[in-house]
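Engineer: Starting off with a structure, shown below.
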Amino acid sequence: MNRETAQNAAKNGDRTVRAMMCHDLSGPDGLTLDSIPVEGPKSGEIRLKIRACGVNFPDLLMSRGLYQFKPEPPFCPGMEVSGEVLELGADVSGFAVGDRVVARTMSLYPGFAEEITLPASYLLPIPDAMDDVTAAALFVTYYTSYNALVEKARVQSGETVLVHGAAGGVGLAAVQIAQALGARVIATAGSAEKIAFLRDQGVSDVINYSDEDIRARVKEITGGAGVDVALDPVGGAAFDASVRSLAPGGRLCVVGFTSGSMGTVPSNIVLIKEISVIGIRAGEFALRHPDRMRAGFTQLCDWFEAGKIAPEIAGTFPLEQAADALRALEERSAIGKVVVTIS
C-alpha cells in the first residue's frame with residue numbers, strides 16, 4: 001500500500017490508519033510511516049485495534065528480501081499482534097466486541113499498524129493475567145519452540161536439550177519450555193551479559209560460543225553422552241556443532257539461520273548415529289493443524305499462569321520507531337523479545 005493508494009482511499013471516504021510500511025528491501029531504512037485503508041469485516045472476519053506487535057527475526061529478513069516468504073514492497077511487517085476486538089463480521093462466534101486477543105498476522109496482514117481486519121480463525125483469547133505487550137511477545141517464538149520441542153521432538157522429562165541463541169526470542173522460549181517439561185538445558189550465547197542473564201534464568205550449563213568450543217563443552221558437560229535434542233535457530237557453526245553433539249537417536253530441530261549460513265548434515269553421521277533432522281515451520285504447521293495450534297497455545301497460557309514461562313521483554317518501541325526495533329535485532333543487542341507498541 002503506497003501513499004497514493006492511501007490518499008485515494010481517504011478521498012473515497014474509506015477509513016485509514018497509521019502503519020509502518022516497508023517500501024524497499026533495504027532493511028530497516030526502507031520503513032516509512034504511512035496511512036493504509038482498513039475495511040469493515042466481512043463474513044467470518046474481525047476488525048481489531050492493535051495494542052502491540054511482536055518483532056521477530058523473519059520481519060528483519062523480509063525487510064531485506066532474505067526470508068523464504070518474500071512479500072513485494074510496499075508491505076507492512078509484523079507476524080503477531082495483541083489488541084482489542086472492535087467489530088465482528090457476520091457468522092463470527094466465540095468473540096465479542098471488547099475482547100482482548102492475540103492474532104497471528106504472519107505478515108499476511110499488517111502488524112505494524114493501528115488496526116487490521118482479518119479472519120476470526122487467526123485470533124486467540126488472552127488470559128486476564130497477561131498484559132498486551134507480553135501477549136504480543138508470546139505466540140511466534142513460544143509456539144515455534146513448543147512446536148519443535150513438544151510436537152516434533154517430543155522431549156521427555158530427564159532428557160538433555162541443547163539450545164542455541166538462548167538469549168534471543170526463540171531460544172529463551174525453548175529454554176523455558178524445556179525446563180517446564182523437566183528437561184536438562186545446555187544453552188549457548190555469545191556475550192558475558194547474555195551468559196549471566198541465562199544463569200539468572202536457572203540455566204546452570206551455559207556455553208559462550210565466542211570463546212568456547214561448543215562440541216567440546218557439550219561432551220564435557222554430558223560426560224561424553226551427548227544431547228538428546230538440539231534446537232538451532234542460528235545455523236552455521238552452531239548447526240555443525242549440534243550434529244556432532246547429538247547422542248545416538250538424537251533429534252535436531254532446525255528453526256532458522258540467523259547467522260546467515262546454512263549447515264549440511266553428512267549422511268554417514270545420520271546413518272551411524274541414527275539421528276533425526278527436523279524442519280520447524282510453526283506458522284505453516286498452525287495453518288495445517290489449527291486445532292493442535294490452539295491446544296498448544298492453551299498449554300503455553302497455562303504454563304504462563306503457573307509461572308513456568310514468561311517472555312522477557314528486551315524493549316518496546318512506539319510505532320513511529322518500528323525501524324529501530326528491527327535494528328535492535330540486526331545489531332543483536334536485544335536479550336529477549338522486542339515489541340512495537342501502538343497507542
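The values are calculated or read from the model by the stated rules, or taken from the named source; none is laboratory data. Predicted model only: the values in this text are computed from it and were never measured. In this analysis, Cβ positions are derived from the backbone assuming ideal geometry, glycine residues included, and neighbour counts consider all displayed protein chains. When the accessible area is computed, the model is the full protein with side chains, heavy atoms only, and any ligands, DNA or RNA have been set aside. Shrake-Rupley method; radii C 1.70, N 1.55, O 1.52, S 1.80 Å.
Engineer: Does Tyr109 fit the bill of being on the phi < 0 side of the Ramachandran plot, in a loop (DSSP other than H, G, I, E, B), of a type in the set (Phe, Trp, Tyr) and without any contact (Cβ under 8 Å) to a residue 12 or more places away in the chain?
Structural biologist: Against the criterion (on the phi < 0 side of the Ramachandran plot, in a loop (DSSP other than H, G, I, E, B), of a type in the set (Phe, Trp, Tyr) and without any contact (Cβ under 8 Å) to a residue 12 or more places away in the chain), Tyr109 does not qualify.
Engineer: Can you name every residue in segment 69-108 that is among the polar types (S, T, N, Q) and more than 15 Å from the chain's Cα centre (by Cα)?
Structural biologist: The answer is Ser93, and nothing else.
Engineer: What number of residues within segment 275-311 satisfy the criterion of being of a type in the set (Asp, Glu) and more than 24 Å from Gly182 (Cβ to Cβ)?
Structural biologist: Counting residues in segment 275-311 that are of a type in the set (Asp, Glu) and more than 24 Å from Gly182 (Cβ to Cβ) gives 2.
Engineer: Could you please let me know if Ala286 is hydrophobic (A, V, I, L, M, F, W, C), modelled with pLDDT under 95 and more than 18 Å from Lys152 (Cβ to Cβ)?
Structural biologist: Spelling it out, it is not the case that Ala286 is hydrophobic (A, V, I, L, M, F, W, C), modelled with pLDDT under 95 and more than 18 Å from Lys152 (Cβ to Cβ).
Engineer: Ok, one more. Scan the helices (runs of 4 or more DSSP H) fully inside segment 156-256 and keep the ones with 2 or more residues being under 21 Å from Pro311 (Cα atoms) and open to solvent by less than 40 Å² (accessible area, probe 1.4 Å).
Structural biologist: In segment 156-256, 169-180, 192-200 are the helices (runs of 4 or more DSSP H) which contain 2 or more residues that are under 21 Å from Pro311 (Cα atoms) and open to solvent by less than 40 Å² (accessible area, probe 1.4 Å).
Engineer: Return the residues of segment 138-155 that are modelled with pLDDT of 95 or more and part of a loop (DSSP other than H, G, I, E, B); say none if nothing qualifies.
Structural biologist: Those that are modelled with pLDDT of 95 or more and part of a loop (DSSP other than H, G, I, E, B): Ala153, Arg154, Val155.
Engineer: If you check Gly165, Gly182, which single one turns out to be at pLDDT below 95, more than 17 Å from Gly78 (Cα to Cα) and out of contact with any Lys or Arg (no Cβ under 8 Å at 6 or more places or on another chain)?
Structural biologist: It is Gly165.
Engineer: To continue, here is another question. Could we say that Ala295 is assigned to a helix (DSSP H, G or I), without any contact (Cβ under 8 Å) to a residue 60 or more places away in the chain and under 26 Å from the mean Cα position of the chain (by Cα) here?
Structural biologist: Considered against the rule, which asks whether it is assigned to a helix (DSSP H, G or I), without any contact (Cβ under 8 Å) to a residue 60 or more places away in the chain and under 26 Å from the mean Cα position of the chain (by Cα), Ala295 comes out as yes.
Engineer: If the Cβ limit is 9 Å and pairs must be 6+ apart or interchain, which residue in segment 329-343 that is open to solvent by 20 Å² or more (accessible area, probe 1.4 Å) pairs with which residue that is modelled with pLDDT under 90 and polar (S, T, N, Q)?
Structural biologist: Here the result reads Leu329/Thr258; Arg332/Thr258, each pair linking segment 329-343 to a residue that is modelled with pLDDT under 90 and polar (S, T, N, Q).
Engineer: Could you list, in sequence order, the residues of segment 309-328 that are open to solvent by 30 Å² or more (accessible area, probe 1.4 Å) and among the hydrophobic types (A, V, I, L, M, F, W, C)?
Structural biologist: Within segment 309-328, Ala310, Ile313, Ala314, Phe317 qualify.
Engineer: Give segment 298-327 a look and list any residue that's polar (S, T, N, Q) and assigned to a helix (DSSP H, G or I), or say none.
Structural biologist: Across segment 298-327, the qualifying residues are Thr298, Gln299, Gln321.
Engineer: Tally time: how many residues in segment 135-150 are over 11 Å from the mean Cα position of the chain (by Cα) and open to solvent by less than 20 Å² (accessible area, probe 1.4 Å)?
Structural biologist: Total satisfying the criteria: 4.
Engineer: Tally the residues that are under 20 Å from Asp24 (Cβ atoms) and open to solvent by less than 30 Å² (accessible area, probe 1.4 Å), restricting the search to segment 40-78.
Structural biologist: Total satisfying the criteria: 12.
Engineer: Please count how many residues of segment 280-309 are over 20 Å from Met106 (Cβ atoms) and among the basic types (Lys, Arg).
Structural biologist: So the count comes out to 1.
Engineer: Of the residues Glu220, Glu274, only one is under 23 Å from Arg154 (Cβ atoms), more than 23 Å from the chain's Cα centre (by Cα) and modelled with pLDDT of 95 or more; which?
Structural biologist: Only one candidate passes the filter, namely Glu274.
Engineer: Please go through segment 157-168 and pick out each residue that is touching a residue at least 60 places away in the same chain (Cβ under 8 Å), of a type outside the set (A, V, I, L, M) and at negative phi.
Structural biologist: Glu159, Thr160, His164, Gly168
Engineer: Of all residues in segment 43-73, which are within 29 Å of Asp131 (Cβ to Cβ) and among the charged types (D, E, K, R)?
Structural biologist: Selection gives Glu45, Arg47, Lys49, Arg51, Asp59.
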